[in-house]
1. Under a crude label model (7 Å from the Cα following the beta-carbon direction), how far is Y89 from E142 in nanometres?
2. Collect residues whose amide H, placed 1.01 Å from N in the peptide plane, falls under 5 Å from the amide H of L72; neighbours closer than 5 in sequence don't count.
3. List the cysteines in the chain whose Cβ has no other cysteine Cβ under 4.7 Å from it.
4. Using 0.36 nm per residue of separation minus the Cα-Cα distance, give me the extension gain between N37 and N218 in nm, one decimal.
5. For the chain, what does -39500 (n - 2.57) per DSSP helix run (n ≥ 4), summed and divided by total residues, give at 222 nm, in deg cm²/dmol to the nearest 500?
6. If each residue of separation counts as 0.36 nm, what is the full-extension length gain between D77 and K189 once their alpha-carbon separation is subtracted?
7. Could you tell me which of rounded, prolate or oblate describes the stretch 125-200, using a ≥ b ≥ c as the square roots of the eigenvalues of the alpha-carbon gyration tensor, with rounded for a/c under 1.5 and, failing that, prolate when a/b is larger than b/c and oblate otherwise?
8. Would you list, by chain and number, the lysines whose Cα falls below 28 Å from the Cα of K189, excluding same-chain residues fewer than 8 positions away?
Amino acid sequence: MKDLYYILMYNNLGNVKECKTLIKHGLIQVNGVVETNCKRKIQEEDVLIYQGKMLKSQPFHYLMLNKPQGYLCANKDEKEKCVVDLIDYPDCFCLGRLDRDTTGLLILTNDKSLKKLLLPQNHVEKTYLVETKERLNKEDQEAFKRGIIIDKSIQCLPAKLEIIDDYHGYVTIEEGKYHQIKKMFLSLKNEVVSLKRISFDEILLDENLSEGMSRPLNKEERNKLIKKAAQY
Ligand code: URA
């Protein structure tokens, strides 16, 4: 559920101040009644009217994409293919970036309130399936737990490495530094061969989604992210 003024902004009725003014001036009806509370919580079923026209009470898109290799996490690039070319909503942005050769779960949305989930201090966990060039071992696990130093001096937060077999594991990190997992393994004298994100917070990559395909997040998935972002 979002505040009324926020919904108006996404209906292109202006910035925060302009939308709050429309509400305070009694120009917005919710379910047939004038609403002057800018923070009125709006549900998808609510009917919003402005100047006789119905507004979108759910103007947001929340998509899960199974990102294929070879796509940039960007909206536009002169030379490269971009993930936004794979979906029908050009106003959506990537919630966090994956490298061009990384595959798997990418959430795209036009709801800017979710950007808070990307801040390292909010500790949103992202899990990746990783294949490495050299064997994984217990010392690597300990190093992840302590927090690895990348680029000679940048200290990463403690992370998790769960070993599946000699060359495969699950890595969970709570931040998103540039090429972070690749650099973590380089610091351990190892190398990432392939990387696939399988979860973002409580959202799991839908196994029925083939690479390059997307689907809207369901209500439960959407609400998990919205509620989490609202906590910060
Ligand atoms: N870490 C990386 O090195 N690359 C990604 O795409 C994501 C995390």
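1. 4.6 nm
2. Under 5 Å from the amide H of L72: K81, C82, V83.
3. C19, C38, C82, C92, C156
4. Working: separation 181, 0.36 × 181 = 65.16 nm, distance 2.87 nm.
Residue separation times 0.36 nm, minus the Cα-Cα distance, leaves 62.3 nm.
5. Numbers: 5 runs with 46 residues, N = 232.
Mean residue ellipticity, 222 nm, calculated: -5500 deg cm²/dmol.
6. Details: separation 112, 0.36 × 112 = 40.32 nm, distance 3.33 nm.
Contour length minus Cα-Cα distance gives 37.0 nm.
7. Values: a/c = 1.40, a/b = 1.13, b/c = 1.23.
Rounded, since a/c falls under 1.5.
8. Partners found: K67, K126, K133, K138, K145, K152, K160, K177.
Values in this text are rule-based calculations from the coordinates and carry no lab data. Everything numeric here is computed off the predicted structure, so don't read it as measured data. Reconstructed Cβ throughout: ideal geometry from the backbone, glycine too, with neighbour counts over all protein chains shown.
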